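The values are calculated or read from the model by the stated rules, or taken from the named source; none is laboratory data. Everything quoted here is computed from the prediction, not taken from an experiment. Please note: Cβ atoms are built from the backbone with ideal geometry, for glycine as well, and neighbour counts cover all protein chains shown.
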Amino acid sequence: MRLVAAERAAEATLGSPRRTRAIVLVLGAIAALGPFTMDLYLPAFPSVMHELHTTEGAVRLTLTATAVGMGFGQLVVGPLSDMFGRKVLLIVATTLHVASSIGIALAPTVDLVSAMRFGEGIGAAASAVVTVAMIRDIFEGYPLVRMLARIALLSGLAPVVAPIVGSQLLQVIDWRGIFWMLAAYGSAVVLLAVLLIPETLPRLQRGRVGVGAGFSRFVAVLSDRVFVGAALVGGFVFSELVTYLSSSPFLFQVSEGLNAQQFGMLFGAIAVALWLSTQAAARLMRWFEPGRLVAVGLSILFMTGAVMIVLAVIGAGFFPLAAVCLVLVSTCGFCFPCLQVIALQNHKNQAGTAIAVTGFTNSVVGGSISMLPSAFGAITFNSLGIVVVGAISLALLALVGLVLPSPTITGAMDT
């Protein structure tokens, strides 16, 4: 009965079931803008390094700049969307994304690319915050889990699919053309927001406006121990996905000798595994409490990092290392929808702010940890495995100390 009531409430907001499905699909496409912004040009790293006469570290810094920009952007967009509504923030921020993408396409130096990538990240932040906040505005109970899983699938699949698309685009355009494509993507998001996406947060539900009101929303979410724990765990898990994605071009294209198309095929196999794991998590949450599922996922991630270190030390070949990377990425995908449910379950009235905090944590922690493999002197599978083991150890501590003791997440989601 609760499931039927929740679905009817969603239809009352969005219209017919067909329109509801169409809008959720569009929200998923919008949510993918951020990951595509991050990772579409990963296969072009060597080309950027060559054309701009710069170093591997400087090119990787452009990825970090985007992640940090998205983090800070979400801290701004999230509370503002709770005050002024979702739609207008999506339009304004994505317009900034389009302008920054054009600036990168015309940039003559890697320093300017990094600066514009920071702005591009701020602009893309709205796609991450507003889409999930809209889903939280509309759905309750297991429909919320199902829709969050779909959004998590698309936003989690996008970082894996983006390098495949990027490698194919590089067959016909150069790396600057990729940013023209991102500008076109952002323009399409603005158009969809204007013409199709409804406002899901009515004026009467927005609460007070002002700096004090925004601060009180931050206090509300940060005083929730379970939320803080979920945000920390999510940041560490996301950091492993970002670390792998930023390291993979050098691990597989430079060290293992894969060309751009072979690299794209590897990412295709990983994309299928990610899709399966995300959907499995959504189904399992009908019967198992999401915190326990995250505990299983973190245990697998810890063992994956340890196995990666062993394989690197013994000099294992391409296939064992590719297999362990597949497990790494798919297990991250398994954890994401569970963590979103834990973080948002008690914060419907501050959904934008809650998503902003988790997004900021993901971006800053992910962007910072992604630089660690090169701190060992070179980007290798051994250094990647060490980073995975260290970060997931911290995630396990946060899960056990902050999330699992809470009585509010001891049951499976309502069906």
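Just checking, which of LEU394, LEU372 is over 16 Å from the mean Cα position of the chain (by Cα), more than 30 Å from GLY257 (Cβ to Cβ) and surrounded by fewer than 19 Cβ atoms within 10 Å (Cβ to Cβ)?
Details: LEU372 fails: more than 30 Å from GLY257 (Cβ to Cβ).
The unique qualifying residue is LEU394.
Out of LEU311, LEU276, which single residue is surrounded by fewer than 19 Cβ atoms within 10 Å (Cβ to Cβ) and in contact with a Pro (Cβ under 7 Å, 6 or more places away or on another chain)? Give the derivation first.
Details: LEU276 fails: in contact with a Pro (Cβ under 7 Å, 6 or more places away or on another chain).
After ruling out the rest, the residue left standing is LEU311.
With at pLDDT 80 or above and either assigned to a helix (DSSP H, G or I) or within 23 Å of the chain's Cα centre (by Cα) (or both) as the only criterion, which of HIS97, HIS53 stands out?
Answer to the selection: HIS97.
Do the conditions hold for MET116, that is, is it assigned to a helix (DSSP H, G or I), under 23 Å from SER81 (Cα atoms) and more than 15 Å from the chain's Cα centre (by Cα)?
Answer is no for this residue.
Quick test for you: out of GLY367, GLY390, GLY352, GLY359, pick the one residue that is at pLDDT below 75 and not hydrophobic (A, V, I, L, M, F, W, C).
Going through GLY367, GLY390, GLY352, GLY359 in turn, the sole match is GLY367.
Any residue in segment 207-223 that's over 10 Å from THR353 (Cβ atoms): show its pairings with residues that are modelled with pLDDT of 75 or more at Cβ separation under 6 Å, as long as the two are six or more apart or on different chains.
Matching pairs, first to second residue: VAL209/MET83.
Look at PHE250 and say whether it is crowded, with 24+ Cβ neighbours inside 10 Å, assigned to a helix (DSSP H, G or I) and either within 16 Å of the chain's Cα centre (by Cα) or not charged (D, E, K, R) (or both). Break it down into steps so the answer makes sense when it comes.
Details: crowded, with 24+ Cβ neighbours inside 10 Å: no; assigned to a helix (DSSP H, G or I): yes; either within 16 Å of the chain's Cα centre (by Cα) or not charged (D, E, K, R) (or both): yes.
Criteria not met by PHE250.
Select from segment 320-355 the residues that are crowded, with 24+ Cβ neighbours inside 10 Å, more than 12 Å from the chain's Cα centre (by Cα) and small (Gly, Ala, Ser) and write down the one among them that is farthest from VAL129 (Cα to Cα).
By that ranking, first place goes to SER330.
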